[in-house]
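Comments concern the structure below.
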Amino acid sequence: MSEPLHPLETVTTVYLVRHGHTEETEKGRLYNDPAVEITDRGREQARAVGIWLKKQAPDILTCSTAQRVRSTAEIIETEIGLKALPLEGFNEWSVGDWEGRTYIDLKENEPDAYKHWSSNPIEHAPPGGESITDLYNRIAGRLKDVIRDHEGKKIALVTHAGVIRSILVEALGMPLINFWRLSIPTGCVSKIDFSENFATVHFTALSPEQK
């Protein structure tokens, strides 16, 4: 053979961290609100993730710009000794006019709109919001930028459930219809290795605080 079967490639490792627990998460609300804050439980989750991440020795700590994410990242900062770099474009799925609502509320009070959306929850967008396809395309593009800018590094990215689902779908090469089949609890961590020709998902796990 003129070439090795597995040629050496530069590997970029990404640790995906969902922000800590919030009251809105507890209530099952759809929300993008950048001002929502984490709870005491969320702070405990962030601290546990920070302690664990320190052992992984990330080179870079990044986060989306929402307050719940920034608060989570600030706690992680104190544990790993890195300053978080806020990144635009990694905020949560925009639910438009459905901000602060629950699926049960929508089903009961806006049955026609809910039926239309749920008939194709990947392509159909909430009124004034993004479809999951829109979200996926936004995140996939930004992820490529981050990997290009920090190639070969270990990157810890603190962000949102929808963002993490999008990245896992991209890494695994899954049809986007599987987006809703991925459970991403608050405070959980996923590890993915990316190179030019492949991506390997090593794990997606609960926060150390939840075990």
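Take the residues in region 190-208 that are assigned to a loop (DSSP other than H, G, I, E, B) and under 27 Å from K54 (Cβ atoms); name whichever of them is modelled with the lowest pLDDT.
S207
Here are some residues: L87, L8, L82, L30. Which one is within 26 Å of E170 (Cβ to Cβ) and without any contact (Cβ under 8 Å) to a residue 12 or more places away in the chain? Spell out the reasoning first.
Numbers: L87 fails: without any contact (Cβ under 8 Å) to a residue 12 or more places away in the chain; L82 fails: without any contact (Cβ under 8 Å) to a residue 12 or more places away in the chain; L30 fails: without any contact (Cβ under 8 Å) to a residue 12 or more places away in the chain.
Answer to the check: L8.
Do we find that I76 is closer than 27 Å to S118 by Cα and at pLDDT 95 or above in this structure? Full working, then the answer.
On the way: closer than 27 Å to S118 by Cα: no; at pLDDT 95 or above: yes.
Answer is no for this residue.
Just give me the residues in region 109-144 being assigned to a helix (DSSP H, G or I), within 23 Å of L172 (Cα to Cα), free of Cβ contacts under 8 Å to residues at least 40 places away in the same chain and of a type in the set (S, T, N, Q), in sequence order.
N137
Condition first: within 18 Å of the chain's Cα centre (by Cα) and of a type in the set (V, I, T). Can you find one or more residues in region 89-104 that meet it?
To start, the set of residues in region 89-104 that are within 18 Å of the chain's Cα centre (by Cα) comprises 89-95.
Among the residues that remain, those that are also of a type in the set (V, I, T) are: 95.
Yes: one or more hits.
Residue-wise test of (1) buried (at least 19 other Cβ atoms within 10 Å of the Cβ); (2) more than 24 Å from V11 (Cα to Cα).
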| residue | (1), (2) |
| --- | --- |
| P121 | no, yes |
| H124 | no, yes |
| D134 | no, yes |
| G141 | no, no |
| D145 | no, no |
| L168 | yes, no |
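Would you check which residues across region 145-189 are assigned to a loop (DSSP other than H, G, I, E, B) and not aliphatic (A, V, I, L, M) and list them?
H150, E151, G152, K153, H160, G173, P175, S183, P185, T186, G187, C188
Of a type outside the set (S, T, N, Q), part of a helix (DSSP H, G or I) and within 16 Å of I155 (Cα to Cα) - does that describe any residue in region 57-69?
If we filter region 57-69 for residues that are of a type outside the set (S, T, N, Q), which is where we start, we get 57-61, 63, 66, 68-69.
Cutting the leftovers down to part of a helix (DSSP H, G or I) gives us 68-69.
Subsequent filtering for residues that are within 16 Å of I155 (Cα to Cα) retains 69.
Yes, some residue in region 57-69 is of a type outside the set (S, T, N, Q), part of a helix (DSSP H, G or I) and within 16 Å of I155 (Cα to Cα).
Does region 70-98 hold any residues that are surrounded by fewer than 15 Cβ atoms within 10 Å (Cβ to Cβ) and not in a loop (DSSP other than H, G, I, E, B), and which are they? Please lay out each step first, then the result.
We begin by selecting, within region 70-98, every residue surrounded by fewer than 15 Cβ atoms within 10 Å (Cβ to Cβ); these are 78, 81, 83, 85-86, 88-89, 96-97.
Those that are surrounded by fewer than 15 Cβ atoms within 10 Å (Cβ to Cβ) and not in a loop (DSSP other than H, G, I, E, B): T78, L85, P86, G96, D97.
The values are calculated or read from the model by the stated rules, or taken from the named source; none is laboratory data. Model, not experiment: these values are computed from the prediction. Backbone-built Cβ (ideal geometry, glycine too); neighbour counts: all protein chains shown.
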